[in-house]
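Step one of this worksheet: look at the structure below.
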Amino acid sequence: MSAENLLVQSLILTVIGMLVVYVFLTIMIGVMNLLAWLVKVLEKYFPQDTPQTAAAADNAIVAVAIAAAKRFQGK
């Protein structure tokens, strides 16, 4: 095998590998966009509940943490 033959084979293998990666990434992006669209469509039929009490509970926890920090700093 000559050096020229090996160089051509390595170039062909490199190009094939790059094309495989490019095609895979293109397909993956297409599938992700399709799933994003599907989630938007299904969100109309199956909306997620957003409980209002969760925000109040978070505010209460923040208030307790602030009070504890102020009390700790006061000592």
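Could we say that Val31 is assigned to a helix (DSSP H, G or I), more than 17 Å from the chain's Cα centre (by Cα), modelled with pLDDT of 90 or more and surrounded by 10 or more Cβ atoms within 10 Å (Cβ to Cβ) here?
Numbers: assigned to a helix (DSSP H, G or I): yes; more than 17 Å from the chain's Cα centre (by Cα): no; modelled with pLDDT of 90 or more: yes; surrounded by 10 or more Cβ atoms within 10 Å (Cβ to Cβ): yes.
No, not satisfied.
In segment 42-52, what residues are surrounded by fewer than 10 Cβ atoms within 10 Å (Cβ to Cβ) and outside any loop (DSSP other than H, G, I, E, B)?
In the first step, residues of segment 42-52 are kept if they are surrounded by fewer than 10 Cβ atoms within 10 Å (Cβ to Cβ); the result is 44-52.
Once the filter is applied, which keeps residues that are surrounded by fewer than 10 Cβ atoms within 10 Å (Cβ to Cβ) and outside any loop (DSSP other than H, G, I, E, B), segment 42-52 yields Lys44, Tyr45.
The values are calculated or read from the model by the stated rules, or taken from the named source; none is laboratory data. Please read all numbers here as calculations on a predicted model, not as lab measurements. Glycine gets a Cβ as well: all are built from the backbone with ideal geometry, and neighbour counts include every protein chain shown.
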